[in-house]
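Chemist: Submitted below is the structure of interest, expressed as structure tokens.
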Amino acid sequence: MKKLLITGFDPFGGEAINPSWEAVRLLPDLIGGWQVTKLQIPTVFDRAAQLVLQQAEMLQPDVILCVGQAGGRRGITPEVVGINLREANIPDNAGNAPQNAPVVSDGPAAYFSTVPVRAMVAAIRELGLPASLSYSAGAFVCNDVLYTLLHHHDRTQVKVGFIHVPYLPEQAKENIPSLPLDRIVAGLTAAITALDS
Ligand code: PCA
């Protein structure tokens, strides 16, 4: 059986919940041919990525998929690329707010995600849920985790991806899009099934 390590973040930026962890924790332990291991990580530069690397060292997963909140987005959005930039508009959960700093000194400018992002979008849309590719994971902690993992697993068998999810209805102020929790869970489940593509 193939092994998937999937992560979600703790709440940040004054929110009480983070839909990424709320959804990840509800995923079944088995999805298709995938054995699913879930991990909550803190919204803290570097620390989050190091915790994923440590867990991956123990678990030896075939795929690492990280999930994060992208408040204001309408759909479930697999990220195409991670960039070598840290730039925070708000402090992370440890008070760090780096500006114009690299994730990895002397690392390449960017890495493409190594999971089948187009098949994932198609699988989510088949459920009638909004999904599209995203070409920027920002320059905050989500991108930090994606870039670090892609850098670490470059040219290895381990595939790395990232999915941003919208707010939950209880987080979204007027006119801000959101998706119910069970829809986000269904979308992530479909995306995991598409890893076999
Ligand atoms: N979203 C933030 C960090 C944690 C999260 O869930 C981001 O998009 O960088």
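Bear in mind these aren't lab numbers, they're just calculated from the coordinates by the rules spelled out. None of these values were measured; they are calculated from a predicted model. Every residue, glycine among them, receives a Cβ derived from its backbone with ideal geometry; neighbour counts consider all protein chains shown.
Chemist: Return the loop-located trypsin sites (Lys or Arg not before Pro) in the range 120-197 (DSSP other than H, G, I, E, B) with at most 12 other Cβ atoms within 10 Å of their own Cβ; answer none if there are none.
Modeler: ARG155, LYS173
Chemist: Restricting to the chain, what percent of DSSP beta bridges are antiparallel, rounded to 5?
Modeler: Roughly 25 percent of the DSSP beta bridges within the chain come out antiparallel.
Chemist: Let me ask something else about it. Find the Cα radius of gyration of the range 76-139, compare it with 2.2 N^0.38 Å by division, and give the number to two decimals.
Modeler: That ratio works out to 1.38.
Chemist: Next question. Full extension from GLU170 to PHE112: what is 0.36 nm times the residue separation minus their Cα-Cα distance, to one decimal in nm?
Modeler: 17.6 nm
Chemist: Could you please tell me the mean projected area of the C-alpha convex hull for the range 93-191, averaged over all directions and given in square nanometres to one decimal?
Modeler: Orientation-averaged projected area of the Cα hull: 8.3 nm².
Chemist: Follow-up. Determine the dipole magnitude for the chain: charges of +1 sit on the beta-carbon of Lys and Arg, -1 on that of Asp and Glu, nothing else is charged, the reference point is the Cα centre, and the result goes in debye to the nearest 20.
Modeler: Dipole size: approximately 360 debye.
Chemist: Taking square-rooted eigenvalues a ≥ b ≥ c of the alpha carbon gyration tensor, is the range 1-66 rounded, prolate or oblate, where a/c under 1.5 means rounded and, failing that, a/b exceeding b/c means prolate?
Modeler: oblate
Chemist: Would you be so kind as to identify which of GLY161, THR189, ILE6 lies farthest towards the positive end of the dipole of the chain, taking Lys and Arg as +1 and Asp and Glu as -1 on Cβ and the Cα centre as origin?
Modeler: My answer, from the dipole projection, is THR189.
Chemist: Ranked highest first by average number of other Cβ atoms within 10 Å, how do 99-109, 185-195, 37-47 line up?
Modeler: With the highest mean Cβ count within 10 Å placed first, the list reads 185-195, 37-47, 99-109.
Chemist: Taking springs between alpha-carbon atoms closer than 10 angstrom, which of ALA137, ALA70, ALA119 fluctuates most in the Gaussian network model of the chain?
Modeler: ALA119
Chemist: Taking the Cα-to-Cβ direction at GLN54 and at MET1 and moving 7 Å from each Cα, how far apart do the two end points lie in nm?
Modeler: If labels sit at GLN54 and MET1, their model points lie 2.6 nm apart.
Chemist: Could you tell me the extents of the chain's C-alpha atoms along the three principal axes, largest first, rounded to whole Å?
Modeler: Ordered largest first, the chain gives principal extents of 43, 41, 26 Å.
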